[in-house]
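Accompanying notes for the structure given below.
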Amino acid sequence: MSARAVVAVDLGATSGRVVIGRITADAVELELVSRFPNGPVEREDGLHWDFGALYASIVDGLAEAVRREPAIESIGIDSWAVDYGLLRDGQLLGEPFHYRDERTERGVAEVHDIVPFAQLYQRNGLQFLPFNTLYQYRVDARTAEAEAALLIPDLVAWLLTGRQVAERTNASTTGLLDVRSAQWDLELAEQLGIPHRILPELVSPGETIGHLRPEIAARIGADLPVIAVGSHDTASAVVAAPLVSANAAYISCGTWGLVGLELEAPVLLDAARAANFTNELGVDGRIRFLHNVTGLWLLSESIRAWEDEDGSPIDLPALLAEAGAVESGAAGDTGAAGAADVTVPLFDANDPALSAPGDMPARIAALLQASGHEVPVGRPAFVRTIVESIAAAFAEAVRTAAELADRSVDSIHIVGGGSLNRLLCQATADRSGLPVLAGPVEATALGNVLVQARALGAAPTTLEELRGLVARTHEPVRYDPR
Ligand code: LRH
């Protein structure tokens with residue numbers, strides 16, 4: 001059977017990519033077309049998206065995709081959550097801020113003064129993250145003059161098609177979507193002084209956002225529709241996590257490790273709030289009940305600091321292999337059971353001191369010292385501490401998710417970049433006592449592609465069938481607990 005083709009734009013933490021997806025009755029395959037930088041840029045007023053350069057790279061990538069694969073039928077866009085651009089008179093009001101900018105602290109205090117966090121949780125179901133969009137809006141004076149606020153994938157879709165929408169999975173990360181009705185909570189927006197007019201019409205994954213504007217179609221070489229996908233990257237990644245049962249947990253592991261379960265309904269218990277578990281909206285109305293664990297960010301920022309120090313690139317696979325050979329550190333293991341023979345010092349991967357860009361090894365060392373641990377000597381031992389600390393946080397989050405949702409979790413799927421990190425996968429299996437099924441590494445792009453393909457009638461209907469297709473073409477690697 002001949003393949004149907006779509007193109008996914010996936011804007012990740014270090015790079016953006018344009019990827020062709022080809023789908024047949026029994027396969028889904030990806031071809032990378034282009035990769036371009038997408039790190040934050042430091043401006044006078046803080047950290048921003050380099051949005052102009054990014055958009056130019058996206059359009060170039062789409063043109064190249066159509067050149068390579070003239071059968072492409074649609075475009076889907078995803079990115080990380082919470083960030084947005086403001087529009088006025090059909091223009092973008094400045095470069096979007098990057099969520100790792102520390103300007104939102106005042107917004108948090110102001111929002112919680114008006115609506116205490118416990119009440120917010122009942123309304124939007126979100127874990128506390130200081131950069132959730134509603135805190136950003138609160139400190140963004142430009143909202144007063146804006147006509148619309150568009151989350152990044154919607155902003156790109158608007159530039160491509162001219163239509164302003166808010167895709168629901170990503171809208172659920174703003175804090176302004178009612179977790180029960182999946183509609184804007186206009187009363188909450190009102191209470192917080194956020195103008196209703198900036199909240200665009202909501203669309204769900206699978207709906208067509210619009211067709212390319214004529215000048216863009218001419219530039220790209222095809223007149224294509226932009227189809228809404230799970231435009232929150234984590235929503236797309238969960239679509240393509242080949243979960244075998246409702247008792248399988250997932251970890252979408254890139255810069256963040258998003259650890260949780262897919263549920264039919266939100267869990268809004270006080271205990272879920274206290275454990276900082278979120279109820280984000282998934283594709284097909286599912287709930288992504290999960291907790292953000294600081295993931296590979298800890299490793300990538302450490303590598304960045306060491307590369308600056310050395311003035312030369314680091315061979316990460318070699319360093320990870322050395323880290324895997326580290327037997328034990330000086331201090332005792334403060335981690336969970338199941339990792340009896342690994343005694344490295346652990347730190348709290350979720351400590352807020354680790355979230356902004358900076359000298360990560362120094363910050364981690366300071367945390368270890370503050371909790372009475374010796375700092376591992378040498379980079380391999382240091383990396384081992386980072387990986388084991390992430391794995392310990394993953395295992396803990398899986399246990400908490402299971403308890404809160406009353407599920408007996410029997411396996412953990414790790415998808416995304418972290419699925420290639422064998423040390424992390426094995427450590428997660430060891431510390432959770434559960435088998436880890438690793439892969440696919442490209443879950444986000446696959447989820448993006450599959451939701452488009454389904455909307456075009458080129459892929460099966462249910463999420464379970466889509467996952468079956470993923471599992472058949474991208475067989476996971478299994479790590480059993482030791
Ligand atoms: C992962 C992610 C995550 C959000 C964070 C801002 O890329 O979208 O789900 O919490 O970025």
Requested in this report: Report, in degrees rounded to the nearest 10, the 0 to 90 angle that the Cα long axis of helix 297-310 makes with the longest principal axis of the chain.
Outcome: 80
Query raised in the report: Can you give the direction-averaged projected area of the convex hull of the alpha-carbon atoms in segment 117-273, in nm²?
Result: 11.0
**Report entry** √(5λ) per eigenvalue of the Cα gyration tensor, segment 1-160, largest first, Å
**Finding:** 34, 19, 14
Report summary line: Given unit charges at Cβ for Lys, Arg (+) and Asp, Glu (-), the dipole magnitude of the chain about its Cα centre in debye, nearest 20, is 780
Requested in this report: With runs of 4+ DSSP H residues as the only contributors, calculate the mean residue ellipticity of the chain at 222 nm using -39,500 (n - 2.57) per run, divided by the residue total and rounded to the nearest 500.
Outcome: -11000 deg cm²/dmol
Report summary line: Relative contact order in percent for the chain (Cα pairs under 8 Å, 6+ apart) equals 16
Query - Leading residue at positive end of dipole, the chain (Cβ point charges), from Gly206, Ser302, Ile412 - result: Gly206
Query raised in the report: If packing is taken as the mean number of other Cβ atoms within 10 Å per residue, what is the order of 418-424, 209-215, 11-17, 164-170, highest first?
Result: 164-170, 418-424, 11-17, 209-215
Query raised in the report: Just for segment 4-233, what percent of DSSP beta bridges are antiparallel, to the closest 5?
Result: 75
Query raised in the report: Which whole number in µm²/s is D for segment 243-439 by Stokes-Einstein, with the Kirkwood Rh taken over Cα pairs at 4 °C and 1.567 mPa s?
Result: 76
Report task. Might you report the magnitude of the Cβ-based charge dipole of segment 243-439 about its Cα centre, with Lys and Arg at +1 and Asp and Glu at -1, to the nearest 20 debye? Result -> 320
Report task. Against the globular-protein guess of 2.2 N^0.38 Å, express the Cα radius of gyration of the chain as a ratio, rounded to two decimals. Result -> 0.94
Query raised in the report: Percentage of Cα-Cα pair distances in segment 346-482 greater than 19 Å, rounded to whole percent?
Result: 61
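Every read-out reported here was derived from the displayed coordinates using simple, explicitly stated rules and does not represent laboratory data. Keep in mind it's a predicted model, so treat the numbers as computed, not measured. So basically every Cβ, Gly included, is an ideal-geometry build from the backbone, and we count neighbours across all protein chains shown.
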